[in-house]
Amino acid sequence: MPLVAGVDSSTQSCKVVVRDAETGALVRFGSAPHPAGTEVHPDAWWEALTAAITAAGGIEDVAAISVGGQQHGMVCLDADGEVVRPALLWNDTRSAAAAAALIKEAGAGETAAGDSAAGARWWAETTGTVPVASITATKLRWLAENEPEKAARTAAVCLPHDWLMWRLGGYGPRSEGFDPGLSALATDRSDASGTGYFSPITGEYLPEVLERTLGHVPVLPRVLGPLEAAGKTPGGAIIAPGAGDNAGAGLGVGASVGDVVVSIGTSGTVFAVADRPTSDATGLVAGFADATGHYLPLACTLNASRVLDATAVLLGVTLPELTALALSAPIGADGLTLVPYFEGERTPNLPDATGSLHGITLRNYTPANLARAAVEGIVCSLADGLAALTSLGVAAERVILVGGAARSEAIQQAIAGIFGLPVLVPEPGEYVADGAARQAAGVLLGAFPQWENSGTTTIDDGGSAAHEAVLVRYRAATATVYPKGLQ
Ligand SMILES: Nc1ncnc2c1ncn2[C@@H]1O[C@H](COP(=O)(O)OP(=O)(O)O)[C@@H](O)[C@H]1O
Ligand SMILES: O=C(CO)[C@@H](O)[C@H](O)COP(=O)(O)O
């Protein structure tokens with residue numbers, strides 16, 4: 001019974017599962033927290049990974065390991081393998097102006113200064129995605145404009161999962177005695193597709209985008225095939241190609257065409273496995289790749305589980321108590337509507353937005369209604385993401401719900417009601433880490449193993465007029481505050 005390890009290095013924490021490669025049975029688990037903030041030194045991820053591996057009983061007996069990681073984070077290395085500056089994460093919005101400029105410039109030719117609509121089409125057709133502040137290329141432009149000496153020192157650019165795999169392979173900064181071999185950096189198609197300088201259709205990097213953003217073409221990680229090994233750990237375990245965390249979750253739940261996966265963690269994501277690439281010039285849907293050779297059209301919000309965390313703190317309750325409060329309020333929270341743009345928003349692209357509460361009366365202003373409005377606000381923002389996906393012809397027959405907040409029955413019921421689709425809730429678990437473990441087993445055994453997800457419950461209430469009214473009121477509230485609507 002060979003063992004494999006799967007890692008989820010996500011925004012808030014690092015989780016490690018050790019599973020039986022053939023049966024998928026969970027053998028051990030460990031986790032460790034990440035620091036808060038949208039700018040994090042990669043060393044903090046390495047410390048959390050080593051702590052999580054220790055908590056999971058080590059990897060000495062593991063035959064293969066794979067890392068799934070938060071997407072888009074900009075990790076810059078110099079020629080000695082030193083981290084040039086703390087990584088800017090996917091939820092750091094300082095490069096919003098750079099994103100807008102890059103879109104406009106790509107439309108040069110329409111007008112001398114560039115045209116945003118033509119530019120958006122170029123990005124959507126060339127990279128699959130119209131850049132917003134989350135996308136790595138915009139962070140490189142921000143670096144070149146604001147820290148030019150650090151941009152010039154940057155010899156290689158990689159993503160969180162790429163950097164962790166490199167460290168697992170025994171590489172690292174020369175100053176700490178490691179081999180800084182930058183040519184050993186590797187990634188996979190799913191994570192490369194979120195950089196803005198890679199085409200998921202051709203599978204090639206786009207050096208012209210790097211010239212236009214960073215000002216030069218650095219060393220980039222080799223893009224591995226779905227079951228191609230990146231190398232070995234010093235202990236001899238095979239290192240699988242890894243994946244972006246959403247593609248990892250897709251693997252972990254065994255999503256196939258017709259399934260929509262909703263993940264509610266720091267980010268809220270709605271995505272589907274598709275056999276064709278998408279190209280959405282409105283920018284609502286990112287045309288990413290998945291970890292199996294297919295595509296992963298995805299809408300991602302900046303405001304998801306942390307809105308629940310903040311509301312729980314405000315109300316002085318635990319998360320399970322927040323769920324109980326939300327469930328005690330009627331559908332629609334007696335008319336209270338929360339627009340959850342607490343950290344600005346990515347989908348729609350409103351980086352400077354703030355949250356707002358609508359429809360307050362003396363009668364409805366209660367803790368229970370506020371808890372329910374927080375849940376419904378998060379779910380409605382994801383319903384807009386689903387609508388954007390289906391408008392591109394993506395099939396949506398059922399929803400598979402994962403992420404930390406999938407534990408909340410209030411979230412589960414609101415998704416079922418507002419989406420009007422059957423919702424499958426696998427038993428609480430770490431599905432990104434599980435997907436990574438499944439990929440590690442695939443590399444070890446030569447094919448993805450079929451592992452069963454046990455304990456899935458299904459909620460199928462067919463939606464309701466009351467839930468439809470919640471979405472109508474939510475859309476009216478967002479239109480009041482942001483009259484330009486979805487941008
Ligand atoms: N019982 C619960 N009810 C609602 N939310 C929960 C519950 N348990 C955990 N969470 C949420 O899970 C989130 C972390 O989810 P996770 O998917 O691990 O995040 P990330 O992948 O962004 O690091 C926390 O912000 C917390 O709000
Ligand atoms: O930016 C995206 C997807 O485009 C996010 O989904 C990140 O990949 C972070 O995910 P979590 O750590 O919040 O799950």
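The values are calculated or read from the model by the stated rules, or taken from the named source; none is laboratory data. Keep in mind it's a predicted model, so treat the numbers as computed, not measured. Positions of Cβ are generated from backbone atoms using ideal geometry, with glycine treated the same way; all protein chains shown enter the neighbour counts. In case anyone asks, the SASA skips ligands and DNA or RNA and just uses the protein heavy atoms, side chains included. Shrake-Rupley method; radii C 1.70, N 1.55, O 1.52, S 1.80 Å.
So the values come out like this:
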| item | result |
| --- | --- |
| Mean separation of Cα contacts under 8 Å (6+ apart) over length of segment 87-224, as relative contact order % | 23 percent |
| Label-point separation, Val257 to Glu452 (7 Å along Cα→Cβ), nm | 2.7 nm |
| Length-normalised contact order of segment 279-382 in % [C-alpha pairs under 8 Å, at least 6 apart] | 30 percent |
| Charge dipole magnitude, Cβ of K and R +1, D and E -1 - the chain, Cα centre, debye nearest 20 | 580 debye |
| Order by protection proxy (mean Cβ within 10 Å, highest first), peptides 368-374, 240-246, 353-359, 203-209 | 240-246, 368-374, 353-359, 203-209 |
| Residue-averaged [θ]222 nm for the chain, counting only DSSP H segments that reach four residues, each worth -39500 (n - 2.57) | -11000 deg cm²/dmol |
| Extension gain, Arg276 back to Lys150 (0.36 nm per residue minus Cα-Cα distance, nm) | 41.5 nm |
| Highest-first arrangement of 435-446, 139-150, where packing means the average Cβ count within 10 Å | 435-446, 139-150 |
| Residue-normalised accessible area of segment 418-487, expressed per residue, 1.4 Å probe, Å² | 49 Å² |
| Cβ crowding within 10 Å averaged over residues, with 178-185, 305-312 ranked highest first | 305-312, 178-185 |
| Shape parameters for the chain, alpha-carbon atoms, Rg then Dmax in Å | 21.6, 65 |
| Segment 156-204 - percent relative contact order, Cα under 8 Å, separation 6 or more | 28 percent |
| Percent carbon-and-sulfur accessible area, the chain, ignoring ligands, DNA and RNA, probe 1.4 Å | 55 percent |
| Residues of segment 79-100 with amide N under 13 Å of a point placed 7 Å along Cα→Cβ from Val481 | none |
| Accessible area of segment 1-121 divided out per residue, in Å², using a probe of 1.4 angstrom | 35 Å² |
